Structure formats: structure tokens, C-alpha cells
1. What is the sum of charges, Lys and Arg at +1 and Asp and Glu at -1, for the other residues whose Cβ falls under 13 Å from the Cβ of PRO2?
2. Can you tell which of GLY107, ALA25, ASN41 lies farthest toward the positive end of the dipole of the chain, using +1 and -1 charges on the Cβ of basic and acidic side chains (Lys, Arg; Asp, Glu)?
3. Only sites in a loop by DSSP and with at most 10 other Cβ atoms within 10 Å count here; which chymotrypsin sites (Phe, Trp or Tyr not before Pro) in the stretch 82-134 make the cut?
4. Show that you can apply the helix-only estimate: for the chain, add -39,500 (n - 2.57) for every DSSP H stretch of four or more residues, divide by all residues, and state [θ] at 222 nm to the nearest 500.
5. Per the Cauchy relation, a quarter of the hull surface: what is the mean projected area of the convex hull of the alpha carbons in the chain, in nm²?
6. I'd like the trypsin sites (Lys or Arg not before Pro) in the stretch 1-95 restricted to DSSP loop residues with at most 16 other Cβ atoms within 10 Å, sorted by number.
7. Distance between the C-alpha centers of the stretch 58-135 and the stretch 1-51? Whole Å please.
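What follows is calculated from the coordinates using simple rules that are stated; it is not laboratory data. Note that the structure is predicted; figures quoted are calculated from it, not measured. Positions of Cβ are generated from backbone atoms using ideal geometry, with glycine treated the same way; all protein chains shown enter the neighbour counts.
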Amino acid sequence: MPDSGHDYRPDPKARSAKELAWHLAAEDVKFLDGIANLAFNTKAGPAPATTAEIVTWYDTNVPRAMARVQAMTAEQLLTPVDFFGMFNFPAAMYLNFLYGHSVHHRGELAVYLRPMGSKVPSIYGPSADTEVQAA
């Protein structure tokens, strides 16, 4: 996502590209930390200034948060965790929430790329912007 496209939004009600990228990055980490903490928190810091800084933040924080979840015991993973008064599921069930949330917003962000002047990467195989490599 080019920094020049940070303000792009396909509709006035939609998040800007930068807001969407930060939401995706921050929520992945917040979900993982919430699972590991057995408590969810809605606070996220301000978005980094550039796309590269968002990527660096994500690449630093996701492995840290994932390691915390991987270190949880079965008992901890089965502990019910309140999700803002809407759900009270075992901690492990929120991994599926994280997965669905990430897929949804990654797809949304992929749709932003071409109108912003960028290319769509290979996601589930080649896109119209990637060459097919012969095996």
C-alpha cells in the first residue's frame, strides 16, 4: 500500500486505506493479547506514520503475541473470556474470530489497492497483477 494512498477510501463511510491497514494490524495483536490475557481491551495506540512502519510494528508484535498464545495451557485456552458483554466463550474460540476478522479486512484492503495505483499481490494464487510462474 503506497503512502500516497493513505487517504483513499471508496466511499465517504468507508475507512481510509491507512485506517484500514492500522485496524487490521492492531486488531490482530489485540485479539492475540486478549486471548493470552484472558481479557480483551479496546485501546489501540495511534497509527504509525508510514506503511513501512505499520508493517514493522506488525512484524514485531504478532510473533510476540502469538508466542504468548502458544504458551497457554489447555486449561487457560478453555477458560471463558468475556468479549465486551457480547460473548463469553472459551479463550481458544476467539482464534476463529481473529481468523475471520483478518480475512475480512485483508480482502477489503486488497480491493483498495488498484484504485490507489498499487498492485494486488498473489493471495490465493496469482492475481491479475502477478505473473504465473511455470513449474
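1. Working: positive: LYS18, ARG114, LYS119; negative: ASP3, ASP7.
It works out to a net charge of +1.
2. Ranked along the dipole, the leading option is ASN41.
3. Details: sites: PHE83, PHE84, PHE87, TYR94, PHE97, TYR99, TYR112, TYR124; in loops: PHE84, TYR124.
For chymotrypsin sites (Phe, Trp or Tyr not before Pro) across the stretch 82-134 that sit outside H, G, I, E and B with at most 10 neighbouring Cβ atoms in 10 Å, the list reads PHE84, TYR124.
4. Details: 4 runs with 65 residues, N = 135.
Theoretical 222 nm ellipticity from helices: -16000 deg cm²/dmol.
5. Details: hull surface 40.8 nm².
Mean orientational projected area (the chain, Cα hull): 10.2 nm².
6. Sites meeting the loop and neighbour criteria: LYS13, LYS43.
7. 12
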